[in-house]
Amino acid sequence: MDTITLRNDLSVYRKILFNEFEEHTCFYCGKELDHGDIHVDHFIPWSFIKDDNLWNLVLSCPKCNLKKSDRLTPDLFVDNLIERNHMIIEKSAELISPSYQEKKLRLIYYWAKCNGYHDIWTPERKVHTLEKVQ
Ligand SMILES: [Zn+2]
């Protein structure tokens, strides 16, 4: 499959997201990430958009990444991504192209839905704060 060879190494993005912009929690379930096992997920499935840029990448725990697979999430997560991208742009404008603003992101999400991505995966959100054992 040619699509496999076209995928970029995402580890550079994992580093950027982890070091500067995220709360070190899974974008989907909210659980704290395990440093040794952090996945970079394409929010809009790569199979649809073939885009490896930061606006579309989030840090995820392995469980959510594997469960989500090639699916979309509910609208709420589009809002969260838009907010997350705003934060990135405010800190380091060069990391996300100015063309990927709210309107375009919502349109891409909508196009994906119109193009067969009907199966919406809803993450199980963490409802209570984890007790930290010191
Ligand atoms: Zn998760």
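In the chain, the calculated helix contribution to ellipticity at 222 nm averages -11000 deg cm²/dmol per residue, counting -39,500 (n - 2.57) for every DSSP H run with n ≥ 4. Positive contributions from Lys and Arg (+1) and negative ones from Asp and Glu (-1), summed over other residues with Cβ under 15 Å from the Cβ of Tyr117, come out at 0. Of the GluC sites (Glu not before Pro) found in the range 20-63, those in coil by DSSP whose Cβ has at most 12 other Cβ atoms within 10 Å are Glu23.
Note down the net charge around Pro62, summing +1 for each Lys or Arg and -1 for each Asp or Glu among other residues with Cβ under 15 Å from its Cβ. For residues surrounding Pro62, the net value is 0.
Read-outs throughout are calculated quantities, based only on the coordinates presented, and are distinct from any laboratory measurement. Since we're looking at a predicted model, the values are computed, not measured. Every residue, glycine as well, gets a Cβ built from its backbone with ideal geometry; the counts of neighbours run over all protein chains shown.
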